Amino acid sequence: MTPRIVVIGGGISGLAAAHRARELAQADGRKLDVVLLESSGSPGGVVQTTRRDGYLIEEGPDSFLTEKPDARRLAVALGLEADLLGTNGKFARSWVDRAGQLHPTPEAFFLLAPGSLIGLARSNLLSPLGKARAAMDLVLPRKSSRADESIGAFVRRRFGRELYERLAQPMVASVYGADPDSLSLRALMGRFERMEQEHRSLIVALMRRRRVAETRASGPRYSLFETLRGGLAGLPAALARSLPRGSVRTKSRVVRIESPSRTGRRFAISLSSGNTVDAEAVVVALPAHAAAEVVRRFDVQLSSELSGIPYQTAAVVNFGYRIADVPHPMDGFGFVVPRTEGRAILACSFSHVKFVGRAPEGRALLRSFLREGAPGDVVSRPTAEIVGAVRRDLQALLGITTAPEMVSVRRHEHAMPVYRVGHLDRVERIESLAARRPGLTLAGNAYRGVGLPDCIASGEAAAERAFAAL
């Protein structure tokens, strides 16, 4: 009997897991049956690209960070290297909303911290007192406790409230879609914790980092993002094509995992259709709340820990305009909005500037991001209200008074995990509980990273553990 690995979930993590399992079997010269079960009509999860009226619309993530190599490496391995597309370096700048005006992000500001004293001094986003408080990072001692803390608490401790509210909070929220006061520094931005311990001052650490980068004769610029010319959905599509015909089974919703199966295999995976798929190993590549339901009958304690990871709903709104109808200059990648401004949108990307080929000639593609719990939260409201809220914000900040000629609204229900303080402790408990069940592994954005490279790395690692358990 050929051993079988079943992957539950056809998002990027599940697809990466199935692909990696096949790679391992081929390298080992072993026969292996890999089955991927996806509840929807097509694989890809939140990575969805559509085309409308000449616009290329990303309804989920629009790019991946090259600093983490897994997404780029996989794209190259799948034959997509020629399709890789970097950001437009000519316009590598952004803005921050301050009282209805867009101000340039300070030079060398890196998510949480300034990497240039000159850039900090020149910025008109902070008051003189706020700048002086931020500069105190140069003399403040290291944190003595090793306990995890929120990103918000960390930034206020090092740089003060003003820098947090006007710069760090909107930057972090635009990336992770949640309030930094609820997010774990160690789980999401552990590099800053390490910077403090190694250099004491984050400003000093970032200035040294910049000097090292500037002395490189060549090599990647790690602050840049990449995507695919034809849209990011080309990556999960290529992964699905790489699997043997019949491996990917759509409209196959898993309701529970049981053990042992009647065929003698370790696991019996029950589907909503009433059918059962048996396997020697299972990769559960679902959101944590969905994974909790699937394993509840199998392992109550593991289910309880998985249920403890909270999620938020988010929405991506794409508007197409004539460039002539946008009064504000669009010579940058977009802007972020601090929570204190009370708007519906967290951020807006000028997609046609950020990546070439996203809009027809003479057209602009504006991609706005909204999340549940924001001050002007409309994510759960009817589509017309979401569109109206985004239009009001874009009118206030960009001066746009005309209606968009193209509108796309995509809501992602409970799709964004929130890594609360102590998140990694919970993940270690989850991994320890799963390890008690040989052949059961977990993958996805709920555990050790939310970006595309993190999800790919998670899926591949889960496949390696599952293969080792055969």
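The values are calculated or read from the model by the stated rules, or taken from the named source; none is laboratory data. Source: prediction; values computed, not measured. Here the Cβ is made from the backbone with ideal geometry for all residues, glycine too, and neighbour counts use every protein chain on show.
Let me confirm something: among LEU74, LEU126, which residue is in the same structural domain as GLU193 (by TED's automatic domain parsing) and either assigned to a loop (DSSP other than H, G, I, E, B) or hydrophobic (A, V, I, L, M, F, W, C) (or both)?
Numbers: LEU74 fails: in the same structural domain as GLU193 (by TED's automatic domain parsing).
Residue meeting the stated conditions: LEU126.
Could you check, for the stretch 241-258, whether at least one of its residues is free of Cβ contacts under 8 Å to residues at least 60 places away in the same chain, assigned to a loop (DSSP other than H, G, I, E, B) and surrounded by fewer than 19 Cβ atoms within 10 Å (Cβ to Cβ)? Scanning the stretch 241-258, I find at least one residue that is free of Cβ contacts under 8 Å to residues at least 60 places away in the same chain, assigned to a loop (DSSP other than H, G, I, E, B) and surrounded by fewer than 19 Cβ atoms within 10 Å (Cβ to Cβ), so the answer is yes.
Figure legend. Inter-residue proximity from the stretch 287-302: first residues farther than 15 Å from ALA435 by Cα, second residues among the basic types (Lys, Arg) and modelled with pLDDT of 95 or more, beta-carbon distance below 8 Å, spacing 6+ or different chains. Indicated pairs: GLU293/ARG256; VAL294/ARG256; ARG296/ARG256; ARG297/ARG256. What are the pairs, 6+ residues apart or on separate chains, where a residue within the stretch 321-334 that is under 11 Å from PHE91 (Cα atoms) has its Cβ under 8 Å from a residue that is surrounded by fewer than 16 Cβ atoms within 10 Å (Cβ to Cβ) and of a type in the set (Lys, Arg)? Here the result reads ASP331/ARG93; GLY332/ARG93; PHE333/ARG93, each pair linking the stretch 321-334 to a residue that is surrounded by fewer than 16 Cβ atoms within 10 Å (Cβ to Cβ) and of a type in the set (Lys, Arg). Each residue in the stretch 136-163 was checked for being under 26 Å from the mean Cα position of the chain (by Cα) and polar (S, T, N, Q), and 1 pass. The set of residues in the stretch 1-27 being without any contact (Cβ under 8 Å) to a residue 12 or more places away in the chain and either within 20 Å of LEU452 (Cβ to Cβ) or of a type in the set (D, E, K, R) (or both) consists of GLU23 alone.
Which one of ARG166, ARG133, ARG98 is farther than 23 Å from GLY422 by Cβ, within 23 Å of the chain's Cα centre (by Cα) and at pLDDT 95 or above?
Values: ARG133 fails: within 23 Å of the chain's Cα centre (by Cα); ARG98 fails: within 23 Å of the chain's Cα centre (by Cα).
ARG166 is the lone residue from the list that is farther than 23 Å from GLY422 by Cβ, within 23 Å of the chain's Cα centre (by Cα) and at pLDDT 95 or above.
All of (1) within 23 Å of ASP97 (Cα to Cα); (2) in a strand (DSSP E or B) hold for ALA403 with one exception: (2). Output the residues belonging to the stretch 79-102 that are hydrophobic (A, V, I, L, M, F, W, C), out of contact with any Leu (no Cβ under 7 Å at 6 or more places or on another chain) and not in a helix (DSSP H, G or I). Result: ALA92, ALA99.
Those residues that are aliphatic (A, V, I, L, M) and not in a helix (DSSP H, G or I), I need them from the stretch 406-434; list them, please.
Step one: list which residues in the stretch 406-434 are aliphatic (A, V, I, L, M), which gives 406-407, 409, 415-416, 418, 421, 424, 427, 430, 433-434.
Listed by number, the residues that qualify are MET406, VAL407, VAL409, ALA415, MET416, VAL418, VAL421.
Just one of the listed residues (LEU85, LEU36, LEU56) is more than 30 Å from GLU162 (Cα to Cα), in contact with a helix residue (DSSP H, G or I) (Cβ under 6 Å, 6 or more places away or on another chain) and of a type outside the set (Val, Ile, Thr), namely LEU36.
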